[in-house]
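One structure is given here, and the rest of the page talks about it.
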Amino acid sequence: MDPVPDRHKQTEVTTADRNRSRTGILGELALYKPISGSFSAYAEEFIAPWAGFVTGWTYWFLWVVTGMAEITAIGLYVKYWFPDIPQWLPALIALIAVYVLNLIAVKVFGEVEFWLSIIKVVTILALIVLGLAMIFTGWGNQGQPVGFSNLWDEGGFFPKGFAGVFFSLQMVMFAFLGTELVGVTAGEAKDPRETLPKAINSIFWRILIFYIGSLLVIMALFPWNQVSEKTSPFVLVFDKVGIASAAGIVNFVVMSAAFSSCNSGVFSTGRMLLALSHSRQAPHAFGQVNRRRIPAKGITASAIVLLIGVLLNYVIPEKAFTYITSVATVGALWTWGIIVYTHMQYKRAVKRGEAPEVDYRLAGTPVVNWLVIAFLVLVGVLLWFDPETRVALIVGPIWFLIIGIAYQFVKGRGTVNPPAET
């Protein structure tokens with residue numbers, strides 16, 4: 001590899017930057033080269049061209065399938081208010097709405113995501129505040145503080161062993177899809193060196209507060225054997241303090257969250273097709289942006305494929321969600337695994353003086369990287385033990401076979417660097 005070219009100087013850090021947090025696998029890569037559709041470009045540069053091709057298309061596949069899962073969820077949530085409506089119809093309406101929003105402008109996308117996020121944040125914070133009031137003051141519980149004893153009562157933390165924890169990992173993985181979007185949108189940030197570290201650092205605190213915090217409150221309020229899969233824990237909390245229509249409120253919130261996820265998915269698939277096209281690994285048309293700087297053709301192609309999700313909701317509405325989320329998880333396992341391995345290769349290039357080092361670093365490389373890869377392999381193995389998630393290990397290899405064959409037709413084209421911004 002040639003010595004570090006001048007174009008990398010934009011990612012060098014100043015002395016003032018050196019006080020920043022030193023963590024983040026994707027953070028390092030994104031600061032090294034902030035580009036749209038970054039995963040495929042990093043994999044191509046530090047592993048091999050085939051890795052960039054497979055990763056780019058697999059990430060596109062991941063978010064298309066995730067979008068199918070989210071419109072499926074919307075179809076299920078709408079049935080709460082309109083039980084007789086066919087599940088495929090609200091799924092189709094949601095897809096059309098997301099498609100139109102993504103074609104208007106990036107600013108509109110950001111505005112919609114802001115308000116959808118506000119809905120989720122306010123709801124979760126309300127849950128935490130009300131829950132803590134019950135835990136410490138007994139409000140909503142006849143004045144008797146609940147305390148934290150429910151966390152270890154009724155058989156302790158693992159009353160039925162570790163099996164349930166392991167088999168829940170597939171859904172947990174699916175719930176965290178989207179944390180890597182900061183890398184996809186890096187090329188559209190105004191000042192990547194300033195904004196990306198802040199965005200990445202905030203992910204940790206969001207997970208700590210909104211995921212772990214809400215779970216801690218819920219588990220403290222209700223023993224594990226009193227929580228039913230048929231009733232949202234959020235509904236239980238709001239109902240306990242006497243909020244009328246708690247179920248309807250929560251149903252609206254989770255539906256807005258599903259819409260937000262699908263919206264982000266369509267956004268990211270368009271950018272990934274853009275990056276693949278600029279690397280000559282996707283049709284030239286996907287590399288074009290309209291006058292609003294939006295990859296409209298890539299977004300349209302993704303939306304058309306998402307219609308398969310509407311079809312699945314028509315054919316197998318009862319099993320559509322589990323099947324789709326399982327397949328999406330396989331795409332996530334590959335994408336996250338490649339990001340982690342690419343990071344190791346980047347660090348080796350830094351040591352050889354072939355790539356610039358940024359001052360936003362992960363502690364513990366490469367040990368941490370290998371631990372993450374081992375965890376991802378474990379989740380993949382666990383998919384086999386549930387008949388409904390096992391379908392992912394059938395669809396996954398078929399997808400990689402298709403994409404492997406497709407690569408044979410493009411590997412001789414050569415590549416070009418994708419642009420730093422769309």
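The values are calculated or read from the model by the stated rules, or taken from the named source; none is laboratory data. Everything quoted here is computed from the prediction, not taken from an experiment. For accessibility, only protein heavy atoms count, side chains too; no ligands or nucleic acids. Shrake-Rupley method; radii C 1.70, N 1.55, O 1.52, S 1.80 Å.
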*Would you tell me the accessible area of residue 286, worked out with a 1.4 angstrom probe on the heavy atoms of the protein chains, in Å² to the nearest 10?*
40
*asked:* If you average the alpha carbon positions of region 135-154 and of region 304-355, how far apart do those two centres end up, in angstrom?
replied: 41
*If ligands, DNA and RNA are left out, what is the accessible area of residue 341 with a 1.4 Å probe, given in Å² to the nearest 10?*
80
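Order 72, 300, most accessible first, counting only protein heavy atoms with a 1.4 angstrom probe.
300, 72
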*Largest-first ordering by accessible area, 1.4 Å probe, given options 79, 411*: 411, 79
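Would region 301-353 count as rounded, prolate or oblate if I go by the C-alpha gyration tensor, calling it rounded below 1.5 in a/c and otherwise prolate when a/b exceeds b/c, oblate otherwise? Mind showing how you got there, number by number?
Numbers: a/c = 9.90, a/b = 2.97, b/c = 3.34.
Note, shape of region 301-353 comes out oblate.
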*Can you give the accessible area of residue 344, probe radius 1.4 Å, in Å² rounded to 10?*
10
*Using the Cα gyration tensor of region 112-166, with a ≥ b ≥ c the square roots of its eigenvalues, what is the shape: rounded (a/c below 1.5), prolate (a/b larger than b/c) or oblate (neither)?*
oblate
*Once a ≥ b ≥ c are taken as the square roots of the eigenvalues of the Cα gyration tensor of region 267-337, is the result rounded (a/c under 1.5), prolate (a/b larger than b/c) or oblate (a/b not larger than b/c)?*
oblate
_Take the residue pairs 198/240; 120/319; 107/411; 79/107; 160/198; 198/319 and return only those whose Cα atoms are more than 30 Å apart._
198/240; 107/411; 79/107; 160/198; 198/319
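If DNA, RNA and ligands are ignored and the probe is 1.4 Å, what is the ranking of 280, 193 by accessible area, most exposed first? Could you put the intermediate results ahead of the total?
Numbers: 280 110, 193 80 Å².
Reading off the accessible areas and sorting them downward yields 280, 193.
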*Å² of accessible area per residue within the chain, as computed with a 1.4 Å probe and no ligands counted*: 48
*Measuring from centroid to centroid over Cα atoms, what is the spacing of region 382-405 and region 241-292 in Å?*
24
*Round to a whole number: what % of the accessible area of the chain belongs to carbon and sulfur, probe 1.4 Å?*
67
*By Kyte-Doolittle mean hydropathy of at least -1.0 and Cα axial length of at least 24 Å, which whole DSSP H helices of the chain are selected?*
49-78, 88-104, 106-137, 246-278, 296-315, 320-351, 392-410
